[in-house]
Every structure is written in C-alpha cells, then in structure tokens.
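K.L.:
One structure follows; several queries about it will come next.
Nothing in this text is a laboratory measurement; each read-out follows from the coordinates by a stated rule. Treat the numbers as computed from the prediction; the structure is a model and nothing was measured. Note that we place each Cβ from the backbone using ideal geometry, even for glycine, and neighbour counts take in every protein chain shown.
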Amino acid sequence: MPDTALKVAAAATTAALLAGAWTYAALWPQSQLFGKVLVAGPSPNQIALTYDDGPNPGVTERLLEVLARHNVRATFFMIGRFVRQRPDLARAVAAAGHLIGNHTMTHPWLAWQSAARIREELTACNRALEDTLGIPIRFFRAPHGARRPYVLRTARALGLTPVQWNVTALDWNPLPAAQILANLQRGIAHNQRRHRASNLLLHDGGDQSLGQPRIPTVEATDQLLHIHKATSTTFVTPEDWA
C-alpha cells in the first residue's frame, strides 16, 4: 500500500477512535472522562429511586402516594416548562419531602447545543424551580445523560452537582410493570455483585408533553418497595453520596 494510502487509513482509524471515545464520554452514564459526575455510593445495600421528566398529572400524584405508603424518600429531576405549567405538582413533591433537581427547561440533548443554549436551559429551569418552590436547587441531571465538559462546568457554576445513574428501567418504552421491575432487579443484583449502591433511572413523565402514560412505573415502584421491605436495603437520595 502506498505511503499516502497508509496515512489516509491511519488518519481514518484515529478519527474513528476519537469519535468513539467522545461518544462514550458524552453518553455513557457512568463515564467520568468529561468531568466528575455523581453515580452511586459504595454500599450495595443502598438504592436511590430517581424519576425524570415530571411533574406529570395523573402519575406524579399516584407515585407520591406509593412513596408515602412505604415511607421512602425519592428524587425528582423536573423539566422546567412542566413546572411552569403545573406548579401545584412540583410543590406537592417538595411538600412530601422529596429531593428535587434540575432536568433543564425543555429537555434537549445538551452535548450538541451551543454554550448560550446550555446556560439558558439550566438557568431557566433553576428559575422555574426556585420561583415555584422557594428553595435552592442543588442537583442536576442532563437529559439522556448527554453532556460535554461545558455542560458540567456550567452546572457547577450554578451550584449544581451533576447526577447520572447505574440502573436503567427502560420505562420510557411502553413496558408492563413486570418488565420494568425485572430490569430494575437485574441492575440492582449486578451492582450488588460489584459492591456498589444502585441509582435507579425511572420516569414519572415524558419530555414531549404532560399526560404521558407512566402508571406501569408507579406499579413497578410499589412492587420493588414491597420486595425490598424485608431486606437490609436502605433507600437514599443522591445527596447521601455527594
């Protein structure tokens, strides 16, 4: 192969490897390559229930009832535009004692947005939450987990700790409660074998609009809490690991 062809092939290989590394750093939930993100603690008996994309009428209220029945505190990463539309639901979550975090104003893929758009998404959501709740917001989850270094720097400049996850319920798909529960239990068991706590990614809403059908997630949550009631599991929030 001529030298020119070898150089072209080498350059193409290098570019592919760099693209793969960038994608991993941007999208893999537990990657720390673009900066530190909070995932989970070292205790395999700890579980954090986290819910994205709310508040969502008809679902968030039922989820609050389940959590209250089991006396468990959870974390809700809320979309700012939905908070503006349903401030009553956001206040109900806060009044129940749950942790509330920033999930941007409109739920874009932040890793591919301009610096100005990233700042506006985070600051606008913070304003919506703080205006509604009257409390400071200290945690942030990037939509889809997508970030680049500027996203993490902006979050920290606002006093926000970026939070990812290590168990995915896959409940943005139309799954029955039994399958959601199986996904969660499989992930928890995997983390316990690795001597890690579990940070569960679930959804009480959907990023497209209010009214998304997430009742199977509520049912799976209830079943999970029943299962772990008789174990040594402790339910925590990300602030316990910060």
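K.L.:
Would you calculate the separation in nanometres between label points at E61 and A178, each defined as 7 Å from the Cα along the Cα-to-beta-carbon direction?
P.N.:
Distance between label points: 3.0 nm.
K.L.:
Could you size up the charge dipole of region 34-240 around its Cα centre, putting +1 on the beta carbon of Lys and Arg and -1 on that of Asp and Glu, and report it in debye to the nearest 20?
P.N.:
Once rounded to the nearest 20, the dipole reads 660 debye.
K.L.:
Next question, about the same structure. Non-local amide H neighbours of T234 (under 5 Å, H modeled in plane, Pro and chain starts lacking H): which ones?
P.N.:
Q46, I47
K.L.:
Just to verify a number: FRET efficiency for R91 and I215, C-beta to C-beta distance, R0 = 25 Å, to 0.05? Could the numbers behind the result be given before it?
P.N.:
Working: r = 22 Å, r/R0 = 0.88.
Working from the Cβ atoms, E equals 0.70.
K.L.:
With a 10 Å cut-off between alpha carbons and a GNM built on the chain, which of A92, A157, A124 moves the most?
P.N.:
Of the options given, A157 has the highest mean-square fluctuation.
K.L.:
Between R156 and E239, what length in nm is gained on full extension when 0.36 nm per residue of separation is reduced by their alpha carbon distance? Can you show the working numbers first?
P.N.:
Values: separation 83, 0.36 × 83 = 29.88 nm, distance 1.50 nm.
Gain in length upon complete extension: 28.4 nm.
K.L.:
Given the options A142, A230, A128, state which has the largest fluctuation in a GNM of the chain using a 10 Å cut-off (strictly under) for Cα springs.
P.N.:
A230
K.L.:
Using a Förster distance of 25 Å, how high is the FRET efficiency between N71 and S43, based on the Cβ-Cβ distance and rounded to 0.05? Display every interim value, and only then the final one.
P.N.:
On the way: r = 20 Å, r/R0 = 0.78.
With R0 = 25 Å, the Cβ-Cβ based efficiency is 0.80.
K.L.:
Also, quick follow-up: Amide H to amide H, which residues 5 or more places from V167 or on other chains are under 5 Å from it, using H placed in the peptide plane?
P.N.:
For V167, whose amide H was placed from the backbone, the distant partners under 5 Å are N199, L201.
K.L.:
Could I ask something else about it? Using Cα pairs closer than 8 Å and at least 6 residues apart in sequence, work out the relative contact order for region 107-241, in percent. All intermediate terms of the calculation are to be shown ahead of the outcome.
P.N.:
Details: 128 pairs, mean separation 26.2, N = 135.
About 19 percent, as a whole number.
K.L.:
With each label point set 7 Å from Cα along the Cα-Cβ vector, what nm distance links R117 and H226?
P.N.:
About 4.4 nm, to one decimal.
K.L.:
Report the dimensions of region 102-242 along its three principal axes from the alpha-carbon atoms, largest first, rounded to Å.
P.N.:
In descending order, the Cα extents are 46, 34, 31 Å.
K.L.:
Work out from phi, with θ = phi - 60° and the Karplus expression 6.51 cos²θ - 1.76 cosθ + 1.60, the ³J(HN,Hα) of each residue of region 68-85, listed in order in whole Hz, and give x for Gly and Pro.
P.N.:
Working through the residues one at a time gives 5, 4, 9, 6, 10, 9, 10, 10, 10, 8, 9, 8, x, 5, 6, 5, 4, 6 Hz.
K.L.:
Ok, one more. As I understand it, the dipole of the chain uses +1 on the Cβ of Lys and Arg and -1 on the Cβ of Asp and Glu, about the Cα centre. Which of A142, I188, W28 lies farthest toward its positive end?
P.N.:
The residue sitting most towards the positive pole is W28.
K.L.:
Report the Rg/Rh value for the chain, based on alpha-carbon coordinates and the Kirkwood definition of Rh. Could you put the intermediate results ahead of the total?
P.N.:
Details: Rg = 19.2 Å, Rh = 18.6 Å.
My calculation of the ratio gives 1.03.
K.L.:
Under 10 Å, Cα contacts only: if you run a Gaussian network model on the chain, which one of Q223, Q179, Q208 comes out with the highest mean-square fluctuation?
P.N.:
Fluctuation is largest for Q208.
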